[in-house]
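What follows is a single structure, written as structure tokens, with notes after it.
The values are calculated or read from the model by the stated rules, or taken from the named source; none is laboratory data. From a predicted model like this one, the values you see are computed outputs, not experimental measurements. Counting neighbours? That spans all protein chains shown, and the Cβs are built from the backbone with ideal geometry, glycine included. To get the accessible areas, we keep the full protein, side chains included, count just its heavy atoms, and leave off ligands, DNA and RNA. Shrake-Rupley method; radii C 1.70, N 1.55, O 1.52, S 1.80 Å.
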Amino acid sequence: MSIREHRPPTVLADWLHRAWERDAGGDGPARILPDGCIDVVFSPSRGLRLIGPNTVAFLSDVVPGERVVGARMVPGGAPALLGIGAEAHLDRRLPLRDAIGDAGARLEQRLYEGRDPVATLSSWLAWRSLGAPAPDPLVDAAITQLAGCEQRIARIAGKLAVSERSL
């Protein structure tokens, strides 16, 4: 299995952590660790899916030898860019068309017909960004506070002026 990561176009820096592609080779499923991010993933056998933020590790369902491409959103990026609620997609993997409607279905068709799925996905996301709000700054602030620290949630919530439950 090989994974190549692509830096997002500058226009997508607020929403997209990276685009990626994976050749499953002869390997079986890969273990995916939870990271709180939402991915948009396309594979010829599974179509175009929204992989919600995960709370537990899971095994990918990649068909051996199949090329898979995706876009990993920054935390808070998918709700702003795609107009979805992250909570509703927690631990879910569903067709993108079920999450965002006809726009997801049209993109899926373009990915099946195109030669460069990474470019197709990136250009579609860039088009979406033209009218999208920036991700919620509270999400970024919370991640910054939580990254590599051992502070109590109550203290971080107080610094961010939100309740522990909201955080």
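In table form, for the structure just shown:
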{"quantity": "Residue within segment 33-52 that is under 21 Å from PRO135 (Cβ atoms) and of a type in the set (Ser, Thr, Tyr) present", "calculated": "no"}
{"quantity": "Filter pass, ARG22 being of a type in the set (Lys, Arg), touching a residue at least 24 places away in the same chain (Cβ under 8 Å) and open to solvent by less than 40 Å² (accessible area, probe 1.4 Å)", "calculated": "yes"}
{"quantity": "Residues within segment 53-86 that are out of contact with any helix residue (DSSP H, G or I) (no Cβ under 9 Å at 6 or more places or on another chain) and without any contact (Cβ under 8 Å) to a residue 24 or more places away in the chain, tallied", "calculated": "0"}
{"quantity": "Residues that are open to solvent by less than 70 Å² (accessible area, probe 1.4 Å) and either over 12 Å from ALA78 (Cβ atoms) or at pLDDT 90 or above (or both), drawn from segment 123-142", "calculated": "SER123, TRP124, LEU125, ALA126, ARG128, SER129, ALA132, ALA134, LEU138, ALA141, ALA142"}
